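Visitor: Below is a structure I'd like to ask you about.
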Amino acid sequence: MRVFLKVIENFYIFMENIFFRILTMDELKQQIKECIVSSLELEDITPEQISDSDPIFGTGLGLDSIDALELGVALKKKFGVKFNTESSETRNHFASVNALAEFISSEQAKK
């Protein structure tokens, strides 16, 4: 019986590592960049061209409010985070890839 329980425990740990693995900040930032490019169908930009600290909107990538909505939906689907459209903090969360990564990381830590 102990052997069986140990096998089950090891299997659970294995599955947890596959499905619930915590991303490093660098991995999270890379996934955010990939999400930006794919969800907004940016043909002339690769994830590697997006700086972690540059603004996403306006002078940075030149994205607009429609892009913000689309990106918010994509990030919600990918990372399970919700953005409050009525909060003044939401603009700060979308300031850069760094800001998005910090927000997503803090929200996931609450779960």
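Please treat every number below as a calculation from the coordinates, not as lab data. Here the structure is a predicted model, which means the values were calculated and not measured. Positions of Cβ are generated from backbone atoms using ideal geometry, with glycine treated the same way; all protein chains shown enter the neighbour counts.
Visitor: In the stretch 23-69, what residues are closer than 13 Å to Phe94 by Cβ, outside any helix (DSSP H, G or I) and touching a residue at least 12 places away in the same chain (Cβ under 8 Å)?
Guide: Those that are closer than 13 Å to Phe94 by Cβ, outside any helix (DSSP H, G or I) and touching a residue at least 12 places away in the same chain (Cβ under 8 Å): Leu40, Asp54, Pro55, Ile56, Phe57, Gly60, Leu61, Leu63.
Visitor: Let me ask something else about it. Look through the stretch 70-111, keep the residues that are assigned to a loop (DSSP other than H, G, I, E, B) and under 10 Å from the mean Cα position of the chain (by Cα), and return whichever of them is surrounded by the most Cβ atoms within 10 Å (Cβ to Cβ).
Guide: Among those residues, the one meeting the criterion is Val81.
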